[in-house]
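S.K.: First the structure, which I've put down as structure tokens, then a few questions once you've had a look.
The values are calculated or read from the model by the stated rules, or taken from the named source; none is laboratory data. Nothing here was measured: the structure is a model prediction, and the numbers come from that model. FYI the Cβ positions are ideal-geometry reconstructions off the backbone, even for glycines, and counts take in every protein chain you see.
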Amino acid sequence: MASVSTPHFVIFPFMSQGHTIPLLNLARLLRHRHISFAIFTIPANSASIRDSLTNTGISIINLPFTEKLNSMSLFLSIANATKQMQPHFEQAIESLQSVSCIISDGFLTWTQQSAAKLGIPRLVFYGMSNYATTMSEIVVRERPHAKVSSDDEPFPVPDFPWLKLTRNDFEPPFSQVKPEGPLFEFVLEQYLALAWCVGPLCLAAEPLVSQTPQKQPWVQWLDTKVAKRESVLYVAFGSQADMSPEQLREIALGLEQAKVNFLWVLRSKGSEFWEGFEERVKDRGIIVKEWVDQLEILQHESINGFLSHCGWNSVVESISVGVPILALPLMAEQHLNARMLVEEIGIGLRLMPSNGSVRGFVKLEEVEKVARELMEGERGVAVRMKVKEVRKAACAAMKEGGSSSSMLNLLINEFGGPHP
Ligand code: UDP
């Protein structure tokens, strides 16, 4: 356990990257305001959290837990297994004495019981957009999707007359007309408390600490594109999405035929089987197999589009640097995020499967056509202009006096003092 100096806030992220990164950004915002906090985590994540919060004096408290979330198929059993940490969590908080508020991930539902037991307020961190949260809540409450006869038939959304969704825009349990079972119960537990809107938290991010003074080779490659006044499509599908080898290959061929420049972060195996691919695209495209500083890449002058799975962090990161999105949602609430950014706010284009559904195989011709449209076409110009506008609004919200910054100050006033 690291040394602890009277932390007021306890921050406890769920162990996946997509849930940890935004809460570390929230921790940075608290640090800017001189508010003390302790971060609770598990041994496997402790070192990377310490590295990413470079300042000294951060309290990081490890709770014993050995499972690792590498695949979404294990999600529910791992989320439930986190309950094993409960006695250690409570003991550690009691030893801190001065905790005035616990901010923990919505997936760590049992921290609500701990907070109640210890008499400390708890705020749930819920890393989804308000759009996806609202739509999911409406389908559970009002069941508009009970009236259609197939998963791809559009239904109107109560209170949002301009919107049409399909069951396929949702994952179970939301796609089910009569949701039940362990996953549904897990989701219901999380909905108990939602309120304070703060963000986009990525605007508080700091660059990753590099092991070497030189720029990473892929950043140097991007620099060469700037020198030639060429723009690049950034391609990345988050930290845990599984895509079939056939779909990955189809995307590769589509990008090749679109003749756009691209930088693709692809840690999964596969590209080595696309015979001659890297050689054929070598002047235009590179594949990076390492963990990258995604924000650094998105901020690079050469990047003019982001082919993304629409994980919420990736979406807000793209918005906060003014880069339009080419949406290819895969799982979780990503289909709703794609609807929102393409149909509601107009900051991206979407790759559609060839089967007429929002889920299915996307063919190379679609990748070729829409990637080119985003990078060179008129619709690309329109969404690029719009995303710059949205970026301004996001930055204004996070500046002192902006809505998000003021909301965070209110939250600190409400929960940052000693609890009775
Ligand atoms: N990320 C990164 N480098 C990588 C891959 C991902 O920095 O090589 C970060 C990305 O910037 C984002 C997070 O990991 O903050 C992924 O979260 P997102 O919600 O986009 O997707 P998820 O991984 O949860 O599906």
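S.K.: Pick from GLY417, GLY377: which is at pLDDT below 95, away from the ligand (no atom under 16 Å from the Cβ) and not acidic (Asp, Glu)?
M.R.: GLY417
S.K.: Inspect all residues belonging to the stretch 87-101 and state whether any of them is crowded, with 19+ Cβ neighbours inside 10 Å, under 26 Å from the mean Cα position of the chain (by Cα), more than 16 Å from PHE37 (Cβ to Cβ) and touching a residue at least 40 places away in the same chain (Cβ under 8 Å).
M.R.: Within the stretch 87-101, not a single residue is crowded, with 19+ Cβ neighbours inside 10 Å, under 26 Å from the mean Cα position of the chain (by Cα), more than 16 Å from PHE37 (Cβ to Cβ) and touching a residue at least 40 places away in the same chain (Cβ under 8 Å).
S.K.: At pLDDT below 95 and surrounded by fewer than 24 Cβ atoms within 10 Å (Cβ to Cβ): is that true of ALA382 in this structure?
M.R.: The answer is no for ALA382.
S.K.: Shifting gears a bit: Does the stretch 257-274 contain any residue that is crowded, with 19+ Cβ neighbours inside 10 Å, in a helix (DSSP H, G or I), more than 15 Å from the ligand (Cβ to nearest atom) and not polar (S, T, N, Q)?
M.R.: Yes, the conditions are met somewhere in the stretch 257-274.
S.K.: Look at the stretch 295-333 and say how many of its residues are within 9 Å of the ligand (Cβ to nearest atom) and either touching a residue at least 60 places away in the same chain (Cβ under 8 Å) or of a type in the set (Phe, Trp, Tyr) (or both).
M.R.: Here the count works out to 16.
S.K.: Could you count how many residues in the stretch 117-163 are more than 30 Å from LEU96 (Cβ to Cβ) and among the aliphatic types (A, V, I, L, M)?
M.R.: Matching residues across the stretch 117-163 total 9.
S.K.: Of the conditions (1) closer than 30 Å to VAL342 by Cα; (2) outside any strand (DSSP E or B), GLU67 clears all except one; give me its number.
M.R.: For GLU67, the failing item is (1).
S.K.: Within the stretch 265-274, can one find any residue that is under 21 Å from PHE361 (Cα atoms) and modelled with pLDDT of 95 or more?
M.R.: Within the stretch 265-274, one or more residues are under 21 Å from PHE361 (Cα atoms) and modelled with pLDDT of 95 or more.
S.K.: Looking only at the stretch 140-159, which residues are under 30 Å from LEU411 (Cα atoms) and either free of Cβ contacts under 8 Å to residues at least 12 places away in the same chain or assigned to a helix (DSSP H, G or I) (or both)?
M.R.: Those that are under 30 Å from LEU411 (Cα atoms) and either free of Cβ contacts under 8 Å to residues at least 12 places away in the same chain or assigned to a helix (DSSP H, G or I) (or both): VAL140, ARG141.
S.K.: Out of (1) within 15 Å of the ligand (Cβ to nearest atom); (2) more than 14 Å from the chain's Cα centre (by Cα); (3) in contact (Cβ under 8 Å) with a residue 24 or more places away in the chain, what's the single condition that is false for LEU336?
M.R.: Status for LEU336: all satisfied but (2).
S.K.: Restricting to the stretch 211-244, name every residue that is part of a loop (DSSP other than H, G, I, E, B), among the small types (Gly, Ala, Ser) and either touching a residue at least 40 places away in the same chain (Cβ under 8 Å) or touching a Lys or Arg at 6+ places or on another chain (Cβ under 9 Å) (or both).
M.R.: Those that are part of a loop (DSSP other than H, G, I, E, B), among the small types (Gly, Ala, Ser) and either touching a residue at least 40 places away in the same chain (Cβ under 8 Å) or touching a Lys or Arg at 6+ places or on another chain (Cβ under 9 Å) (or both): SER231, GLY238, SER239, ALA241.
S.K.: Step by step: first the residues of the stretch 380-409, then only those that are within 17 Å of HIS34 (Cβ to Cβ) and without any contact (Cβ under 8 Å) to a residue 40 or more places away in the chain, then the one that is nearest to the chain's Cα centre (by Cα). Which residue is that?
M.R.: Ranking the qualifying residues of the stretch 380-409, first place goes to SER405.
S.K.: For the structure I just gave you, tell me whether VAL124 is part of a strand (DSSP E or B) and surrounded by 12 or more Cβ atoms within 10 Å (Cβ to Cβ).
M.R.: Here the answer is yes, as VAL124 does meet what is asked.
S.K.: Let me ask something else about it. Considering only residues that are at pLDDT 95 or above and within 15 Å of the ligand (Cβ to nearest atom), which ones fall in the stretch 102-130?
M.R.: ASP105
S.K.: Against the conditions (1) free of Cβ contacts under 8 Å to residues at least 60 places away in the same chain; (2) within 16 Å of the ligand (Cβ to nearest atom); (3) assigned to a loop (DSSP other than H, G, I, E, B); (4) not basic (Lys, Arg), where does LEU248 fall short? Just the number, please.
M.R.: Here LEU248 meets the rest and fails (3).
S.K.: Can I ask one more? So which residues in the stretch 77-119 are closer than 23 Å to TRP196 by Cβ and part of a loop (DSSP other than H, G, I, E, B), if there are any at all?
M.R.: Selection gives SER98, VAL99, SER100, GLY106, PHE107, LEU108, THR109, TRP110, GLY119.
S.K.: Just checking, does the stretch 139-146 include any residue being modelled with pLDDT under 95, within 16 Å of the ligand (Cβ to nearest atom) and surrounded by 12 or more Cβ atoms within 10 Å (Cβ to Cβ)?
M.R.: no
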